[in-house]
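A short reminder: the numbers here are calculations on the coordinates, not readings from a lab. What you see is a predicted model; the values in this text were computed from it and never measured. As a convention, Cβ positions derive from the backbone with ideal geometry for all residues, glycine included, and neighbour counts pool all protein chains shown.
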Amino acid sequence: MCRYALPMLLISKGNIVNVSSTAALGSHAWTAAYSASKGGISAFSKTLAVEYGVLGLNVNCICPASIKTKMSTETPS
């Protein structure tokens with residue numbers, strides 16, 4: 001989506017806000033794929049910020065903490 005929105009965002013000096021997770025910041029049992037995907041979002045956001053920040057595009061990534069769900073309370077059998 002960023003690829004298609006970038007031209008207009010650069011013209012308008014817009015903002016990109018991606019949503020990752022605190023799972024991107026450390027290791028957690030049984031969440032390898034989830035943590036890796038969130039880490040990818042964080043790295044992608046940092047890279048976009050470096051590449052396009054000089055052109056006036058603001059890129060941020062928020063990392064909410066975990067909430068109590070089945071994923072955070074149950075382990076695989």
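Within the option set V54, V17, being of a type in the set (A, V, I, L, M) and either surrounded by 16 or more Cβ atoms within 10 Å (Cβ to Cβ) or under 14 Å from C2 (Cα atoms) (or both) holds for one residue only, V17.
Among the residues of the stretch 57-77, the ones that are in contact with a helix residue (DSSP H, G or I) (Cβ under 9 Å, 6 or more places away or on another chain), within 13 Å of V19 (Cβ to Cβ), surrounded by 10 or more Cβ atoms within 10 Å (Cβ to Cβ) and hydrophobic (A, V, I, L, M, F, W, C) come to 3 in all. Of all residues assigned to the stretch 9-17, at least one qualifies as being hydrophobic (A, V, I, L, M, F, W, C) and within 14 Å of the chain's Cα centre (by Cα).
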